[in-house]
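Scroll down for the structure; my scribbles are underneath it.
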Amino acid sequence: MIKTAILDLGLNNIKSVFNLSNKFSETYVFSKLNEFKTNTDMLILPGNGNFGKGMEILNDRNLINFIKERSTEIKIVGICLGMQLLFDESEEVDGVKGLSIIPGKVIKINKNNNYNNPLLGWYDVKFSNKKKYEILEGSYFFNNNFIVDPTDRKIIQGNLDNSPVFIVKKKIYGIQFHPELSRNIGSFFFKNICQQNLI
């Protein structure tokens with residue numbers, strides 16, 4: 001069984017993420033550098049919250065370079081805000097640099113006839129590779145005001161209409177929806193990331 005670390009930024013309750021991850025991996029929570037275990041296979045960056053506040057916390061705890069270095073060594077899973085922090089910048093706050101692990105930016109969701117801002121509730125995700133991801137298609141739970149806009153469109157593996165909500169770049173997985181709140185399909189989706197059955 002793999003070992004998974006969840007970074008607790010103190011921005012939200014991570015109990016649901018822990019419970020989901022612990023089904024498929026030996027999971028622990030850390031908030032400081034010295035709490036991270038060297039034999040960890042996967043690092044989860046969870047969260048709802050503000051982009052600027054998230055980067056402030058990472059900077060204050062000297063975690064920015066640490067995460068960048070780990071992203072070349074182990075699997076990184078960013079969920080919601082955790083996904084957005086992987087990018088260069090966000091329209092949510094001016095003048096704050098992200099982790100820049102994935103080139104691109106985070107942009108505000110435009111209100112239209114189909115979506116409100118915040119985007120809250122259950123929405124159908126369509127995956128790019130139908131043959132590979134067909135059994136993962138379905139409705140997932142969203143709760144966000146912003147969406148990612150990666151420079152390299154080839155890393156986009158799942159969309160909500162034309163908005164990227166699932167990206168894969170080598171060992172890095174970005175998930176805009178909340179698998180931990182998406183019932184059985186979310187659990188199945190997360191299991192596949194942990195075990196690499198499909199993803």
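The values are calculated or read from the model by the stated rules, or taken from the named source; none is laboratory data. Just so it is clear, the structure is predicted and the values come from calculations on it, not from any experiment. Cβ coordinates were reconstructed from backbone atoms using ideal geometry, including for glycine residues, and neighbour counts include every protein chain displayed.
Count, please, the residues in region 27-75 that happen to be charged (D, E, K, R) and touching a strand residue (DSSP E or B) at 6+ places or on another chain (Cβ under 6 Å). Can you show your working first?
First pass over region 27-75, keeping only residues charged (D, E, K, R): 32, 35, 37, 41, 53, 56, 60-61, 68-70, 73, 75.
With the extra rule that they be touching a strand residue (DSSP E or B) at 6+ places or on another chain (Cβ under 6 Å), the set shrinks to 41, 70, 75.
Here the count works out to 3.
Could you list, in sequence order, all residues of region 169-180 that are over 20 Å from Thr40 (Cα atoms) and either part of a loop (DSSP other than H, G, I, E, B) or at pLDDT below 95 (or both)?
First, pick out the residues of region 169-180 that are over 20 Å from Thr40 (Cα atoms): 175-180.
If the condition is that a residue be over 20 Å from Thr40 (Cα atoms) and either part of a loop (DSSP other than H, G, I, E, B) or at pLDDT below 95 (or both), then Gln176, Phe177, His178 are the ones that fit.
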Out of curiosity, is Phe87 of a type in the set (Phe, Trp, Tyr) and surrounded by 18 or more Cβ atoms within 10 Å (Cβ to Cβ)?
yes
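Across region 65-84, what is the number of residues that are more than 21 Å from Ile156 (Cα to Cα) and either surrounded by fewer than 17 Cβ atoms within 10 Å (Cβ to Cβ) or small (Gly, Ala, Ser) (or both)?
Filtering region 65-84 down to residues more than 21 Å from Ile156 (Cα to Cα) leaves 65-67, 69-70, 73.
If we keep only those that are either surrounded by fewer than 17 Cβ atoms within 10 Å (Cβ to Cβ) or small (Gly, Ala, Ser) (or both) as well, we get 65-66, 69, 73.
So the answer is 4.
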Single residue of Ile6, Ile64 found to be farther than 19 Å from Val93 by Cβ and touching a residue at least 24 places away in the same chain (Cβ under 8 Å)
Ile6
Counting only residues in region 138-156 that are surrounded by 15 or more Cβ atoms within 10 Å (Cβ to Cβ) and free of Cβ contacts under 8 Å to residues at least 40 places away in the same chain, the one farthest from Gln195 (Cα to Cα) is identified as Phe142
